[in-house]
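The values are calculated or read from the model by the stated rules, or taken from the named source; none is laboratory data. Treat the numbers as computed from the prediction; the structure is a model and nothing was measured. Virtual Cβ from ideal backbone geometry, glycine too; neighbours counted across all protein chains shown.
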2 protein chains.
Amino acid sequence: MENAISILRRCGMQPTPQRIAVVDSVFKTTAHPSAEEVLKNVRKDCPTLSRATVYNTLNLLVEKGLLKAQVLKEGSVVFDPNIQRHHHFVDEDSGQIYDVPWDTFKVPPIDSLPDYEITEVQVVVRGRKKRK
Amino acid sequence: MENAISILRRCGMQPTPQRIAVVDSVFKTTAHPSAEEVLKNVRKDCPTLSRATVYNTLNLLVEKGLLKAQVLKEGSVVFDPNIQRHHHFVDEDSGQIYDVPWDTFKVPPIDSLPDYEITEVQVVVRGRKKRK
DNA sequence: GTCTTAATTTAGACTATGTCAAGATAGAAT
DNA sequence: ATTCTATCTTGACATAGTCTAAATTAAGAC
């Protein structure tokens, strides 16, 4: 993983200890954490970290395009460091979210919405583990 | 639209005035309302309707399979009376959600997750109106 | 180093969505 | 009429997220 400090520098954010900790937490996982989960994780090392700082940092990173906010599960937005286009699989029992490679599905270009600018297309697959 | 009373009867729920009003509101629209929006709508006619009754009724209808809960926008689940499989387009500015016919996309069967039971597959398209 | 200013962080208040339990109410059955 | 069950309401609670004002921290000028 790229250095947290250089990620922050790259988008013109001062690399404070709080931000470094948030970036470390969210960029080193593929678990699609919510802001509250990031807060809980980072507070283990940095107990005074405030909720507002986590939300500010994550939202700034989304604005800068280094992180993608995804609406995939009930109750909270999750954050995805994978900004290449891809699909998602959601385990409806555990809530776990997995990336699905882009070329798993052939999504044709959308020509039927000429006065809209399409910002995102993805296939969302939901399912649960079979019990044998 | 099918009669609200018969919708309720069909899934073994007593057709009380509150439930009839909720069913009327959510089945006669294609606007994908949230529970809070349903509450607000129905309260115009039935001001004593409680929040819990709306949530109970909507969740019961989802359990019975007459309504589908969709996680498509930040902050709240929306309810969709269209239970045939289809895709969705989300206007990221207005928050409006539109149904997209199933055969707009060719989604191949998913063979790569043999120990999962797939409960839902849909393409989610997001975009915003072009300003000319 | 000190001062000034700008950026950042913090705590806490606040709002919105959603759940839950306890009591009140209404219907149906006897 | 009485009982049993289903439903509804109120209000408390939980969680996600935003906002603000004050405190901290860092940066730049001198």
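Looking at A:Thr57, is it in contact with a His (Cβ under 9 Å, 6 or more places away or on another chain) and among the β-branched types (Val, Ile, Thr)?
Considered against the rule, which asks whether it is in contact with a His (Cβ under 9 Å, 6 or more places away or on another chain) and among the β-branched types (Val, Ile, Thr), A:Thr57 comes out as no.
Among the listed residues B:Val42, B:Val78, which satisfies the condition of being among the β-branched types (Val, Ile, Thr), within 16 Å of DNA strand D (Cβ to nearest atom), farther than 24 Å from A:Phe105 by Cα and more than 14 Å from chain A (Cβ to nearest Cβ)?
Answer to the check: B:Val42.
Consider B:Lys28 carefully, then state whether it is over 27 Å from A:Phe105 (Cα atoms) and either at pLDDT 95 or above or not assigned by TED's automatic domain parsing to the domain that holds B:Gly12 (or both).
When the stated conditions are applied, B:Lys28 does not pass them.
Please count how many residues of the stretch A:89-101 are within 11 Å of another protein chain (Cβ to nearest Cβ) and more than 16 Å from DNA strand D (Cβ to nearest atom).
Of the residues in that region, 7 qualify.
Residue by residue through the stretch B:6-31, note down the ones that are farther than 17 Å from B:Glu63 by Cα, out of contact with any Ser or Thr (no Cβ under 6 Å at 6 or more places or on another chain) and within 12 Å of DNA strand C (Cβ to nearest atom).
B:Thr16, B:Pro17
Every residue, every condition in (1) among the β-branched types (Val, Ile, Thr); (2) within 16 Å of DNA strand C (Cβ to nearest atom), yes or no:
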| site | (1), (2) |
| --- | --- |
| B:Ser34 | no, yes |
| B:Ser50 | no, yes |
| B:Asn59 | no, yes |
| B:Phe79 | no, yes |
| B:Gln84 | no, no |
| B:Trp102 | no, no |
| B:Lys106 | no, no |
| B:Ile110 | yes, no |
| B:Thr119 | yes, no |
